[in-house]
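Read the figures in this text as sums done on the coordinates, not as results from a lab. Quantities reported herein were computed from a predicted structural model and do not represent experimental measurements. With ideal geometry, Cβ positions are generated from the backbone for all residues, glycine too; neighbour counts draw on all protein chains shown.
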């Protein structure tokens, strides 16, 4: 058995032809959809980037216990489990978050890995005295770094070294993946995890592709929206969207290269192929750009998933409610490896054959923001009454944020607490997460729409008008509480939402002193 697992970043479901998108031609995603099963009700779990990848590796949600961070010592990675079962795993990625403090434990779980440099804020090219005035003229004010050490300056420097199409990191990722396939085509029991940061912002694409999407905009480079409300002019909005369209087109072409290899070598006969993303992106819908700082509307939380397996029925649509946490047990199941008991996701292979229901409701969210629940028909966003005074703690063994250690003032309030059931007997640090500290995402002041709301996705797929339906709220709230209990959410995770914590003693109590 062989598996190719392709993960794009910020691949917007609504932009793909297979999901009804019409603004951008995506012939190769369409081509895949004619062979693979297309999952129509697939949701993210923990958001954004690295929390989603922790869900992927461990098969369980993590946003109830901590924010962005590494795989913890007690986390059981699918790649490590495959290695123990004699399955070779190889990661090819340009996703630079793997090499920041809060992502540094992921890539080492694989048998081997190949890192492509140059995406976004990657600290790649060294330039002690960058041409700040030239950059200021080249780029729209939205993209100017706030200070010389701003990571946006890294991107401007990196971009100076991406001149030809072959220089683009995503192209190099697919080059490396195709090299792996050529070298290992006749070997057995391997998994290739091919992951590209594209089409994540900044939306920098080759000129030949950008020329396909004309807007009439005549200003400086504008391809990196801020995470905020839309205040740009119609021409600026069109320009940002066109740049995403061009980058999505590049992703579609790269996927086509992989599908060509599957066709030419008849890999469909003995190789599974899974293609998905971590989350979506807002392009002005709901008057917002991007993600994280607003409610997790469908454009962010509901994501594409394509699955081909030569030993199961593929093709057609699947309606079962699925999540990112289901990918871990699915990848294990491809090789006959049983998931650990702490895994809360489900293998998708039975869904290929019968579209079997896996769950009635699914929860998703980001640490410190709303806890959200859906049954595929309704989506319910539940926020704390006061986002700035809510009770919030991070439970960690490795106190790292995205790009830094926990600060001294954060750890000053930490206490050692008893293990959760999923931490393999390891006690944890309980670290208070207070407003203004780096334990909070997004930062203070960006919860403009932090209001509990219910939407009927059948009647209002664009989530334009919240509804009042007490029966639906009661049912969805019960599903939310049950999922939180299953994931061993600490007591305060219930209290902050006005929910009653389970009667059973909860983990997170102070650990007994050890002699």
Practice task
For region 334-386 and region 272-290, compute the distance between their C-alpha centroids and round to whole Å.
Solution key: 18
Exercise for the section: Just order 227-237, 50-60 by mean Cβ neighbour count inside 10 Å, highest at the front, would you? Expected result: 50-60, 227-237
Fill in the blank from the handout: Applying the gyration tensor rule to the Cα atoms of region 140-212 (axes a ≥ b ≥ c; rounded if a/c under 1.5, else prolate if a/b exceeds b/c, else oblate), the class is prolate
Exercise for the section: Using Cα extents along the principal axes in Å as the read-out, say which of (i) 65, 52, 47; (ii) 61, 55, 54; (iii) 75, 59, 41 was calculated from these coordinates. Expected result: (ii)
Fill in the blank from the handout: Residue span residue 126 to residue 319: 0.36 nm per residue of separation minus Cα-Cα distance leaves a gain in nm of 64.6 nm
Exercise for the section: Sort all Cα-Cα distances of region 366-495 into consecutive 5 angstrom bins from zero, then give the percent of pairs in each bin up to the one containing the longest distance. Expected result: 2, 9, 17, 18, 18, 15, 10, 7, 4, 1
Completion exercise
Treating every alpha carbon of region 1-145 as one equal point scatterer without solvent, the Debye formula yields log10 I(q)/I(0) values at q = 0.11 Å⁻¹ of -0.61
Handout entry: Gyration tensor (alpha-carbon) shape descriptor, region 236-368, a/c threshold 1.5
Key = oblate
Practice task
Can you run the Rg to Rh ratio on region 332-389? Use alpha carbon positions and the Kirkwood inverse-distance Rh.
Solution key: 1.12
Exercise for the section: Just report the Cα centroid separation between region 151-190 and region 1-16, whole Å. Expected result: 16
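Please list 185-191, 149-155 highest first by mean number of surrounding beta-carbon atoms within 10 Å per residue. Walk me through the numbers on the way to the answer.
On the way: 185-191: 13.9, 149-155: 16.7.
Top of the packing list down: 149-155, 185-191.
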Practice task
State, to one decimal in nm², a quarter of the convex hull surface area for the C-alpha atoms of region 44-115, i.e. the direction-averaged projected area.
Solution key: 4.7
Handout entry: Most to least packed among 283-289, 328-334 [average Cβ atoms within 10 Å]
Key = 328-334, 283-289
Handout entry: Descending semi-axes in Å of region 294-416, equivalent ellipsoid built from Cα gyration tensor
Key = 34, 20, 12
Practice task
Before anything else, pin down the relative contact order of region 115-239: Cα pairs under 8 Å, at least 6 apart, normalised by residue count, whole percent.
Solution key: 30
Problem - Compactness relative to 2.2 N^0.38 Å, alpha carbon Rg of region 12-54 - result: 1.36
